[in-house]
């Protein structure tokens, strides 16, 4: 029979909001029987946001002086000129313009706390959402069967085995591919009301709470306690905290959206000091094949939510900003040329945003060539000139002090690009 300790260490706990919830009775008893171990030592936290669906990096951060891009997008191209027919782009450096619906990012970019990497993507040229996301989250873009995600490996490299189950937390309804693996990870969809469920990361199996409780009944409470008193104190903190009436600091206002609510809950976990070091959230709706819009429309709403949610979180962090770095990612970009339905199709390179006081900010990093057809990948797409692992590894190495790229990204031996100080 699988030991309870092995079950907890080898699988990720997933806490799902179900509207009834609370801590299961058997677990609450175990929590009540432990003595408070004291607060966890404050650690650095990396927050990753996956923009699922493939964000059009050429619209988020537009090389607005590129005549080829303008010709390829007669209805979608946006200008930084004040005389433009649409709301103008925010001129960042005379070449790249930030979408006006991302105006919330301008201040941290000017303060050199935010860096942008353009031309970022996977060396694998798949245009399948599922495959591209899988490769990016596993961190092995040419190996399909990798049984762990790069964030799970990052948790393993942190070297605090068993310290807290909240070391790696995803604010999603199920554990993302990034957190699959042998190291403990949590998925929490709602802090306000939740139940508990086990997920075996390695084989993707799901076990209902009843099965988990049955397993507990077959083992001893002593074995449960061996998983660490800190684990149950952390769960106890969640149980007692009034998460529903949380008041963000510095008058931060989170959008009432899935991403805004996820980042608000990540902020709560950080302030509760439950030992979280890697956090994950998702943003959907980026597959803009139809009616993408310019300064209004689907894309504008998405980037407005992204930037406002991140900046609400950053404002809420206040004096904790030195401890936090936020990084976005998306599986690939969109075609340079607009399609016949007012949108863009699956492309290759996109851009991402990194926010933190340790970021080499105020710059658009990367190499974006003029979009003449001879410079485009397959004659249609912005070429990938920065491997995503160059950026992900640099952010994780510098912020979390990991420095083991052979484990973090086992198939990669490339160079960093200087996005961190």
> Between residue 374 and residue 246, what is the label-to-label distance in nm when each label sits 7 Å out along the Cα-to-Cβ direction?
Replying inline: 5.4 nm
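Can you put 411, 394, 137 in order of Cβ neighbours within 10 angstrom, beginning with the fewest? Let's see the in-between values first.
Details: 411 13, 394 20, 137 24.
Starting with the residue having the fewest Cβ neighbours, the order is 411, 394, 137.
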> Got a sec? How would 172, 83 order by Cβ neighbour count within 10 Å, fewest to most?
Replying inline: 83, 172
>> Restricted to Cα positions, what overall size does the stretch 346-421 have along the principal axes? Three whole-Å values, descending.
In response: 41, 31, 20
> By count of other Cβ within 10 Å, fewest leading, how are 351, 48 ordered?
Replying inline: 48, 351
>> Give me the extension gain from residue 91 to residue 67: residue separation times 0.36 nm, minus the current Cα-Cα distance, reported in nm with one decimal.
In response: 7.0 nm
> To the nearest Å, what is the center-to-center distance of the stretch 372-421 and the stretch 77-97, using C-alpha atoms only?
Replying inline: 28 Å
> For the stretch 281-360 and the stretch 167-187, what is the separation of their C-alpha centers, rounded to whole Å?
Replying inline: 22 Å
> Under the definition of Cα pairs under 8 Å and six or more residues apart, what whole-number percent is the relative contact order of the stretch 264-421?
Replying inline: 18 percent
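Rule-based calculations on the coordinates, nothing more; no lab input. On a predicted model such as this, the values are computed, not experimentally measured, just so you know. Heads up, the Cβs are rebuilt from the backbone with ideal geometry, glycines too, and the neighbour counts pull from every protein chain shown.
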